[in-house]
Amino acid sequence: MKKVLGLPIILLLFITILTACNADKENESANGEETVEIDFFHRWPNEPRKSFYDEKIKQFMDENPNVKINVDSVLNDSYKEKIKVLVSSDKLPDIFTAWSDSFAENLVSSEKIMSLNEVISSDADWSSKIIDSQYGGFTFDEETYGIPFTVDGKAFFYNKAIFEENNIAVPSTYDEFIEALDRLQEAGYKEPLVEGLTNTWAISHYLGSIFDRVVDPSVLEKDYNQNTSEFTDAGYVTGLEIFQELTSYMGDVSTAIDHEAARNMFGNGEVPVLYMQFAEIKMVEDIGDVEIGFFNFPEVSNGKGNQTSLTGAPEGWMLSKTAPKEAIEFLKFLTSEETAFEFTKTDGQLNAIKGAVTSENVNANSLEAYDLIMEASSTAPWFDNAVNINIADIFMRGGQELATGQTTPEDILKAVQQEAEKLKK
Amino acid sequence: MIFRKKHVIPTLFILPSILLLGIFIYFPLVQNFYNSFFDFSVFSPTKEYVGFAAFEYLLQDKVIVIAFLNNIKYAVISMVFQVAFALILATILEDKLFRKVAPALRIIYFIPVMISISVIALLFGFIYNPQMGLLNSFLELIGLENLAIPWLGNATASIYAVIAMSQWQSIGFITMLFIVAIQKIPKDLYEAADIDGAGKVRKFLSITVPQVKETMFVNTLITITGAMLVFNEPYILTNGGPGFSSMTLSVHMYQQGFVKDNMGYASAVATLIFALTAIFALIQIKVSGTGKDE
């Protein structure tokens, strides 16, 4: 008897499930058109950017009723890890954010990223609005794989009031900078320069800028290439010594805090100088009423490198090879002048679209930073994006060890040289 | 027919478990071992066979030594606090003197077990904060400001700060296991000891300890294997830093795989962790001789 009843029940369940699936499909194509789903992955689950993108997604879907956008977002480090997993599992989103240089290059090496040469050349009205100089970090072997969107630069932010009170001039050379830090210490700021050294990327930003000042550009070019790298130039030891000297002004608090904590200290007026990205201007302004000024990493006398370059690189959007044409339309929508203008107005982050950063949507500080980025003689990429991650990691963890007195510049370089040899095989 | 049924039905019952174990435990284990013979990145479409190269590098990797020693420190300290101290704590809580407050204390000790490790790590991040953290403020309050250091930023102290947090979180769980074991001890053993005039220490050593031997073995196993696999605590609190000072084997494996993209080498580290954990477990089973005298 039980068997007789069981079979119809199973059949009924089966039919119900099938009907439910079918009903779903009917809903999707209610307007007569096939619905196209786009997977969109970005790295801003925090405000104000999350809401900005949510709003833009809604706007695009309203304008294109046949498009459904599935959005996912996780923060910085998690993003780096998750995108790797997605690439390896063949589940790369249709459109996603990417850093430039080695991060983009790694993604491109998966052979799953769409080349955008044709997209760029076929719509000059849109592509000519993107600042040409920002494409470099996404272009490999003359193929462009990403559209730059945000632009950034790194500079020492200083507290104008503290500098004025103590009669300290804005330094233009490294020696003057050290003198200024000494004078700040004399004025009672025990740790005039703090950094969140638990974030190893913060160390990489320092080292990238320092190496750019002290090492010959041709040597850097050779060493930043995994196939030719040696890291035997004496400039690297000098560079690490400079970093070590700077950490002596950071006190032992720096190895125990992150960059956000350091930024809060600067924003609250506790720390007079901090090495920060222009993207952080609005965040600092939101913390307190510190009057900020900024200066580029100062010139290093006897340095063989570029003395006026600015460290910083754009971030942008990439598409997977299998992305539908609607994803390209969404990319154009995200990088249109109108969206870019609104984006900078909401978020404060500067962008790579011509005419989208003006005095109407940013304050004087951001405008000054934007001019600095646009006028920079050259740019030095973020160090952890410029070299192989194994090399970067030795330098970054070595930087932590320098700050805690566990190692020497020579030992770090020895480990780097060994790793460089290994990577060439 | 009866003979067949006797064998088939129990087999059918355990078949799903065997299947799931096979898919989710043993297959990945074999696959991981297989992967350790290749050099590959998650980005690369192909894998390059390199034989034992990853294992050769394992022997030269200085970080492995630091990480292994940190895991050992973790294991030793956890044994002291989570096995020895937890047993003493459980005995005290089960003592007549504490009968009234014991339920409240049990809840207090058990609460950390129920809180997510990420939340606890964040909480301890505040406690260890060098400027406004509770720990340094407390040390200054009692006149020990000389001992106030940036706990997570100090190369010597960071691993101990991480271990301390784990003890705080896990001791409640182990204590509860001991409490259950102690409650199962026949009361007449203690009554006989009372008649003989045995003191509390004597009763603890001669009755409680031998009677909870099996639980002690289970707790030791949990603690040692847990110490060999520890990941969340150092990853969230210090990410193995500063430098490599609080690195553990699991964090190193994770860094190699998901940060540095050396998937083959990460598989070799994972194989090493598996081998070490298995060896420690086997030694424990052998030394404790559990089950034999029951």
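Residue pairs whose Cβ atoms lie under 6 Å apart, sitting 6 or more positions apart in sequence or on different chains, and linking a residue in the stretch B:241-252 that is within 9 Å of chain A (Cβ to nearest Cβ) and open to solvent by 10 Å² or more (accessible area, probe 1.4 Å) to a partner that is part of a helix (DSSP H, G or I) and hydrophobic (A, V, I, L, M, F, W, C), are B:244/B:63; B:244/B:66. On inspection, residue B:234 does not qualify as in a loop (DSSP other than H, G, I, E, B) and either modelled with pLDDT of 95 or more or within 14 Å of another protein chain (Cβ to nearest Cβ) (or both). Which condition breaks for residue B:271 when tested against (1) facing chain A (nearest Cβ under 9 Å); (2) polar (S, T, N, Q); (3) assigned to a helix (DSSP H, G or I)? Condition not satisfied by residue B:271: (1). Considering the stretch A:191-231, the residues that are under 16 Å from the mean Cα position of the chain (by Cα) and of a type in the set (Phe, Trp, Tyr) include one that is surrounded by the fewest Cβ atoms within 10 Å (Cβ to Cβ), namely A:201.
Let's see how each residue does on (1) over 26 Å from residue B:73 (Cα atoms); (2) touching a helix residue (DSSP H, G or I) at 6+ places or on another chain (Cβ under 6 Å); (3) among the charged types (D, E, K, R):
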{"residue": "B:123", "(1), (2), (3)": "no, no, no"}
{"residue": "B:130", "(1), (2), (3)": "no, yes, no"}
{"residue": "B:160", "(1), (2), (3)": "no, no, no"}
{"residue": "B:184", "(1), (2), (3)": "yes, no, yes"}
{"residue": "B:188", "(1), (2), (3)": "yes, no, yes"}
{"residue": "B:197", "(1), (2), (3)": "yes, no, no"}
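Here residue A:62 does not qualify as away from chain B (no Cβ under 14 Å) and under 17 Å from the mean Cα position of the chain (by Cα). What number of residues within the stretch B:149-188 are hydrophobic (A, V, I, L, M, F, W, C), open to solvent by less than 10 Å² (accessible area, probe 1.4 Å) and within 14 Å of chain A (Cβ to nearest Cβ)? Total meeting the criteria: 3.
The residue of the stretch B:32-72 that is nearest to residue B:227 (Cα to Cα), among those that are of a type in the set (S, T, N, Q) and within 14 Å of another protein chain (Cβ to nearest Cβ), is B:60. Scanning the stretch A:389-425 for residues that are open to solvent by less than 40 Å² (accessible area, probe 1.4 Å) and modelled with pLDDT under 90 yields a single hit, A:423.
Checked against (1) out of contact with any Ser or Thr (no Cβ under 8 Å at 6 or more places or on another chain); (2) open to solvent by 40 Å² or more (accessible area, probe 1.4 Å); (3) more than 14 Å from chain B (Cβ to nearest Cβ); (4) over 18 Å from residue A:328 (Cα atoms), residue A:175 passes all but condition (1). In the stretch A:106-142, the residue that is farthest from residue A:377 (Cα to Cα) out of those that are away from chain B (no Cβ under 14 Å), of a type in the set (A, V, I, L, M) and in contact with a helix residue (DSSP H, G or I) (Cβ under 7 Å, 6 or more places away or on another chain) is A:119.
Residue check: residue B:267 meets all listed conditions (1) surrounded by fewer than 21 Cβ atoms within 10 Å (Cβ to Cβ); (2) of a type outside the set (D, E, K, R); (3) modelled with pLDDT of 95 or more but one, namely (1).
If the requirement is being open to solvent by less than 30 Å² (accessible area, probe 1.4 Å), touching a residue at least 12 places away in the same chain (Cβ under 8 Å) and either within 30 Å of residue B:176 (Cα to Cα) or of a type in the set (Val, Ile, Thr) (or both), which of these qualifies: B:58, B:87? On inspection, the qualifying residue turns out to be B:87. Considering only the stretch A:389-398, state which residues are more than 9 Å from chain B (Cβ to nearest Cβ) and touching a Leu at 6+ places or on another chain (Cβ under 7 Å). A:395, the sole residue that qualifies. Residue count for the stretch B:113-133 under the criterion of being more than 14 Å from every other protein chain (Cβ to nearest Cβ) and either surrounded by fewer than 19 Cβ atoms within 10 Å (Cβ to Cβ) or closer than 27 Å to residue A:402 by Cβ (or both): the result is 7.
Could you tell me whether any residue of the stretch B:203-214 is open to solvent by less than 20 Å² (accessible area, probe 1.4 Å), within 13 Å of another protein chain (Cβ to nearest Cβ), touching a residue at least 24 places away in the same chain (Cβ under 8 Å) and in contact with a helix residue (DSSP H, G or I) (Cβ under 7 Å, 6 or more places away or on another chain)? Scanning the stretch B:203-214 turns up no residue that is open to solvent by less than 20 Å² (accessible area, probe 1.4 Å), within 13 Å of another protein chain (Cβ to nearest Cβ), touching a residue at least 24 places away in the same chain (Cβ under 8 Å) and in contact with a helix residue (DSSP H, G or I) (Cβ under 7 Å, 6 or more places away or on another chain).
Contact map, the stretch A:405-419: first residue facing chain B (nearest Cβ under 10 Å) and among the polar types (S, T, N, Q), second residue assigned to a helix (DSSP H, G or I) and surrounded by 17 or more Cβ atoms within 10 Å (Cβ to Cβ), Cβ cut-off under 7 Å, separation 6 or more or different chains; pairs are A:407/A:398; A:407/A:401. Does at least one position in the stretch A:83-90 carry a residue that is at pLDDT below 90, open to solvent by 60 Å² or more (accessible area, probe 1.4 Å) and more than 14 Å from chain B (Cβ to nearest Cβ)? Looking through the stretch A:83-90, none of the residues is at pLDDT below 90, open to solvent by 60 Å² or more (accessible area, probe 1.4 Å) and more than 14 Å from chain B (Cβ to nearest Cβ). Of all residues being of a type in the set (Asp, Glu) and more than 27 Å from the chain's Cα centre (by Cα) in the stretch A:374-425, which is farthest from residue A:248 (Cα to Cα)? Just the residue, please. Across the stretch A:374-425, the extreme among qualifying residues is A:421. Mind counting the residues in the stretch B:27-46 that are open to solvent by less than 70 Å² (accessible area, probe 1.4 Å), among the polar types (S, T, N, Q) and in a helix (DSSP H, G or I)? Residues flagged as open to solvent by less than 70 Å² (accessible area, probe 1.4 Å), among the polar types (S, T, N, Q) and in a helix (DSSP H, G or I) within the stretch B:27-46 amount to 2. For residue B:21, the conditions (1) in a helix (DSSP H, G or I); (2) hydrophobic (A, V, I, L, M, F, W, C); (3) closer than 30 Å to residue A:102 by Cβ; (4) open to solvent by less than 100 Å² (accessible area, probe 1.4 Å) all hold with the exception of (3). Here the stretch B:211-249 is the region considered, the condition is being of a type in the set (A, V, I, L, M) and more than 23 Å from residue B:173 (Cα to Cα), and the residue that is farthest from the chain's Cα centre (by Cα) is B:247. Checked against (1) surrounded by fewer than 18 Cβ atoms within 10 Å (Cβ to Cβ); (2) away from chain B (no Cβ under 14 Å); (3) modelled with pLDDT under 95, residue A:245 passes all but condition (3).
When the stretch A:365-388 is limited to residues that are within 14 Å of chain B (Cβ to nearest Cβ) and buried (at least 21 other Cβ atoms within 10 Å of the Cβ), the one that is modelled with the lowest pLDDT turns out to be A:385.
The values are calculated or read from the model by the stated rules, or taken from the named source; none is laboratory data. Since the structure is predicted, the reported quantities are computational estimates derived from the model, not experimental observations. Virtual Cβ from ideal backbone geometry, glycine too; neighbours counted across all protein chains shown. Each accessible area value is taken on the protein alone, full model and side chains, heavy atoms only, with ligands, DNA and RNA left out. Shrake-Rupley method; radii C 1.70, N 1.55, O 1.52, S 1.80 Å.
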